[in-house]
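The values are calculated or read from the model by the stated rules, or taken from the named source; none is laboratory data. Because the structure is a prediction, the values reported are computed rather than measured. FYI the Cβ positions are ideal-geometry reconstructions off the backbone, even for glycines, and counts take in every protein chain you see.
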Amino acid sequence: MKGKTVAILESRMRDQIADLVRKFGGTPFMAPALAEIPEVDPAHIQKLIESWRSAPPDIFIFQTGVGTRALFMATDRLGLTDTLLRCLDAAQVVVRGPKPTAALRSRKVRIDRAANDPFTTREVLAELADDLLPGKRVAVQRYGETNRELQHALAAKGTEITEIATYRWGLPDDTTPLQRLIDALDRDEIDLVAFTSASQAVNIFAVAHQVGKEASLQRSLGRTLVASIGPVCSTALRQRAVRVDIEARPPKLGPFIDAINAALADPNRPAKS
């Protein structure tokens with residue numbers, strides 16, 4: 001990365017990623033593209049868990065660590081954590097990846113099934129292939145927005161789906177850094193843009209649309225290396241006609257940074273046309 005400028009769209013881990021970019025001699029360009037907005041309705045959570053006393057879910061699906069922790073923080077405040085733990089103990093608990101796994105284990109929750117690498121919805125559904133029967137009650141911890149692919153697959157099996165909303169994704173309050181990034185890309189001042197979530201792709205194009213520079217952003221990304229943390233993020237980029245040059249395998253921060261460093265250090269790598 002020496003001498004290269006890397007745009008970082010991450011919010012929560014932006015300092016960690018920036019430090020890694022600097023470690024390899026690069027210059028980070030910080031443009032947070034995502035805000036996690038709490039969306040816990042205590043009254044709804046209380047009503048939901050009280051209803052589970054008589055009709056508990058057969059399957060729980062946990063998709064993110066931050067959402068899992070937020071759910072337990074809400075039940076702690078409501079005095080309903082013991083009830084939730086009893087429901088989990090009696091049900092099948094499925095996790096999408098290592099972050100919800102860690103959050104559940106911190107509460108000593110038994111995990112029955114875990115999606116395999118690369119931890120996408122496809123792997124979750126593969127784990128549940130023999131268990132999704134008509135009439136099964138499935139509780140899904142939502143992450144930021146409804147997982148349409150998972151929702152449609154569960155509905156097609158005739159299951160009864162309950163979403164547990166704990167947070168949603170939105171634009172940062174200050175979108176000035178994103179606007180500066182769009183301008184810097186237009187001036188060819190960025191060597192690589194690092195996308196660490198699908199919602200970042202959605203949001204940078206939303207901001208570009210707001211300022212009338214959507215076409216400019218599309219052209220700029222066509223001239224710039226684009227790195228994706230994994231297949232879900234890559235799909236969102238390709239849906240916006242953005243070519244993905246680098247995809248982390250497995251979709252974790254360490255391999256992501258290593259792949260970026262290798263690509264930017266490769267003197268034989270052709271520039272994007």
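If we scan segment 199-218, do we find a residue that is part of a strand (DSSP E or B) and either without any contact (Cβ under 8 Å) to a residue 60 or more places away in the chain or over 29 Å from Thr121 (Cα atoms) (or both)? Within segment 199-218, none of the residues are part of a strand (DSSP E or B) and either without any contact (Cβ under 8 Å) to a residue 60 or more places away in the chain or over 29 Å from Thr121 (Cα atoms) (or both).
Note on segment 225-245: residues that are buried (at least 21 other Cβ atoms within 10 Å of the Cβ) and either among the aliphatic types (A, V, I, L, M) or outside any helix (DSSP H, G or I) (or both) total 8. Number of residues in segment 50-88 that are surrounded by fewer than 22 Cβ atoms within 10 Å (Cβ to Cβ), within 16 Å of Val40 (Cβ to Cβ), at pLDDT below 95 and of a type in the set (S, T, N, Q): the value is 1. Has segment 47-62 got any residue that is within 25 Å of the chain's Cα centre (by Cα) and free of Cβ contacts under 8 Å to residues at least 24 places away in the same chain? For segment 47-62, residues within 25 Å of the chain's Cα centre (by Cα) and free of Cβ contacts under 8 Å to residues at least 24 places away in the same chain: absent.
Being part of a loop (DSSP other than H, G, I, E, B) and of a type in the set (Ser, Thr, Tyr) is a condition met by at least one residue of segment 64-73.
Looking only at residues of segment 11-45 that are of a type in the set (Lys, Arg) and under 24 Å from Leu171 (Cα atoms), we find that the one that is farthest from the chain's Cα centre (by Cα) is Arg14. Taken over segment 114-141, the criterion of being in contact with a helix residue (DSSP H, G or I) (Cβ under 7 Å, 6 or more places away or on another chain) and outside any strand (DSSP E or B) is satisfied by Ala115, Asn116, Pro118, Thr120, Thr121, Val124, Leu125, Leu132.
Hey, among Lys99, Lys108, which residue is part of a loop (DSSP other than H, G, I, E, B) and within 25 Å of the chain's Cα centre (by Cα)?
After ruling out the rest, the residue left standing is Lys108.
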